Amino acid sequence: MKILVLNGPNLNLLGTREPDIYGTETLADIEAEVNTCAGQLGDDIEIEFRQSNSEAELITWIGEARGQYDGIIINPAALTHTSLGLADALKAVADAVPAVEVHLSNTHAREEIRHKSLTASACIGQLMGFQGFGYMLALRALVNKLST
Ligand code: DQA
């Protein structure tokens with residue numbers, strides 16, 4: 001089972017970026033934890049972990065996922081609240097590559113502009129508010145969904 005984990009703008013800055021909101025783990029720390037978790041869930045789970053500050057690059061990666069990946073975990077970051085293009089890309093591959101949306105912070109407890117997710121309706125589920133641990137919850141949920 002191949003899982004593509006995508007991270008949007010500014011998530012490369014985790015560790016020093018507003019640590020009171022996003023925690024002190026770096027994206028590399030989260031990647032290592034996701035890989036460990038994948039190994040515990042099964043020998044056959046492969047993780048491809050990527051980050052981009054470019055909306056176009058994220059859309060391209062999603063569009064290429066059909067036939068290559070079984071599922072997507074995505075933290076679209078600020079694009080969550082603005083990108084119809086990202087939502088459309090997720091919808092375009094949803095029949096073959098279901099996605100789970102993850103956020104480090106509880107966006108509903110923050111500014112009103114962060115309450116709306118354009119991408120959530122293109123995903124099978126959403127997890128938020130557990131900082132880096134949320135990625136492992138998302139992986140468990142997606143693997144469970146793909147296995148049943
Ligand atoms: C975020 C929440 C977004 O509102 C914000 O723009 C981010 C990170 C999160 O993981 O909590 O960059 O997606």
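Where a number appears in this text, it was derived from the coordinates with a stated rule and is not lab data. Bear in mind that the values here come from a model prediction, so they are computed numbers and not experimental data. Ideal geometry is used to build each Cβ from the backbone, glycine not excepted, and the neighbour counts take in all protein chains shown.
In the condition set (1) surrounded by 15 or more Cβ atoms within 10 Å (Cβ to Cβ); (2) of a type in the set (V, I, T); (3) within 11 Å of the ligand (Cβ to nearest atom), I113 is compliant with all but (1).
Within region 70-90, the residues that satisfy the criterion of being within 9 Å of the ligand (Cβ to nearest atom), at negative phi and either among the acidic types (D, E) or not in a strand (DSSP E or B) (or both) are P76, A78, L79, T80, H81. With the structure loaded, tell me whether L127 is touching a residue at least 12 places away in the same chain (Cβ under 8 Å), within 13 Å of the ligand (Cβ to nearest atom) and part of a strand (DSSP E or B) or whether it fails that test. Answer is yes for this residue.
Of the set (1) in a helix (DSSP H, G or I); (2) within 16 Å of the ligand (Cβ to nearest atom); (3) under 26 Å from A92 (Cβ atoms), all apply to R50 but (1).
Just checking, which of V143, V93, V34 is closer than 20 Å to Y22 by Cβ, more than 10 Å from the ligand (Cβ to nearest atom) and either of a type in the set (D, E, K, R) or in contact (Cβ under 8 Å) with a residue 24 or more places away in the chain (or both)? Spell out how you get there, then give the answer.
Numbers: V143 fails: closer than 20 Å to Y22 by Cβ; V93 fails: closer than 20 Å to Y22 by Cβ.
Within the list V143, V93, V34, the selection yields V34.
Report whether or not V102 is under 18 Å from V5 (Cβ atoms), more than 16 Å from the ligand (Cβ to nearest atom), of a type in the set (V, I, T) and surrounded by 20 or more Cβ atoms within 10 Å (Cβ to Cβ). Walk me through how you get there before you give the answer.
Numbers: under 18 Å from V5 (Cβ atoms): yes; more than 16 Å from the ligand (Cβ to nearest atom): no; of a type in the set (V, I, T): yes; surrounded by 20 or more Cβ atoms within 10 Å (Cβ to Cβ): yes.
For V102, the condition - under 18 Å from V5 (Cβ atoms), more than 16 Å from the ligand (Cβ to nearest atom), of a type in the set (V, I, T) and surrounded by 20 or more Cβ atoms within 10 Å (Cβ to Cβ) - is not met.
For region 96-143, filtering for residues that are closer than 20 Å to L27 by Cβ and among the β-branched types (V, I, T) leaves 4. Just one of the numbered conditions (1) away from the ligand (no atom under 13 Å from the Cβ); (2) in a helix (DSSP H, G or I) is not true of L58: (1).
Among residues of region 59-71 that are more than 13 Å from K91 (Cα to Cα), those with a Cβ under 8 angstrom from a residue that is assigned to a helix (DSSP H, G or I) and of a type in the set (A, V, I, L, M, F, W, C), sequence gap 6+ or separate chain, pair up as D70/L146. Screening region 1-31 for residues that are touching a residue at least 40 places away in the same chain (Cβ under 8 Å), assigned to a helix (DSSP H, G or I) and not aliphatic (A, V, I, L, M) and picking the one that is surrounded by the most Cβ atoms within 10 Å (Cβ to Cβ) gives Y22.
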